[in-house]
1. Condition first: among the β-branched types (Val, Ile, Thr), modelled with pLDDT of 95 or more, under 20 Å from Glu4 (Cβ atoms) and in a helix (DSSP H, G or I). Can you find one or more residues in the range 22-44 that meet it?
2. Taking the range 30-53 only, how many residues are touching a helix residue (DSSP H, G or I) at 6+ places or on another chain (Cβ under 7 Å) and either open to solvent by 60 Å² or more (accessible area, probe 1.4 Å) or within 25 Å of Pro70 (Cβ to Cβ) (or both)?
3. Read through the list (1) touching a residue at least 24 places away in the same chain (Cβ under 8 Å); (2) hydrophobic (A, V, I, L, M, F, W, C); (3) surrounded by 14 or more Cβ atoms within 10 Å (Cβ to Cβ), then give the number of the only condition that Ala56 fails.
4. Among the residues of the range 10-25, what is the count of those that are open to solvent by less than 50 Å² (accessible area, probe 1.4 Å) and over 8 Å from the mean Cα position of the chain (by Cα)?
Amino acid sequence: MLGELDMDVTGKFSVVTGGGRGIGRGISLMLARNGAHVAVADVNLENAKRVAVEVADLGRRSLAVALDVPIRSPPTAWSGN
């Protein structure tokens, strides 16, 4: 489980892409446990909704958003050029 942050996020608003499962879910919940409100964005809206409920259960504002963030062409640094 992800733990405490080195910065104060109390009352801040965050957007977590890929927040519907895995590491993104963990980050969404860590931010909420540390006081942030979270928009959970994921390609799978049902997963995003489930995590948004978990965030709300921690007493934070939450929003589930269907979002796909594809990599259309890798940055030059990724291609080795």
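The values are calculated or read from the model by the stated rules, or taken from the named source; none is laboratory data. If you're wondering where the values come from, they're calculated on a predicted model, not measured in any experiment. We place every Cβ from the backbone using ideal geometry, glycine too, and count neighbours over all the protein chains shown. The protein model used for the area step is the full one, side chains on, heavy atoms only, and it has no ligands, DNA or RNA in it. Shrake-Rupley method; radii C 1.70, N 1.55, O 1.52, S 1.80 Å.
1. Within the range 22-44 (the criterion being among the β-branched types (Val, Ile, Thr), modelled with pLDDT of 95 or more, under 20 Å from Glu4 (Cβ atoms) and in a helix (DSSP H, G or I)), the answer is yes, since at least one residue qualifies.
2. Looking only at that region, the number is 5.
3. (1)
4. 1
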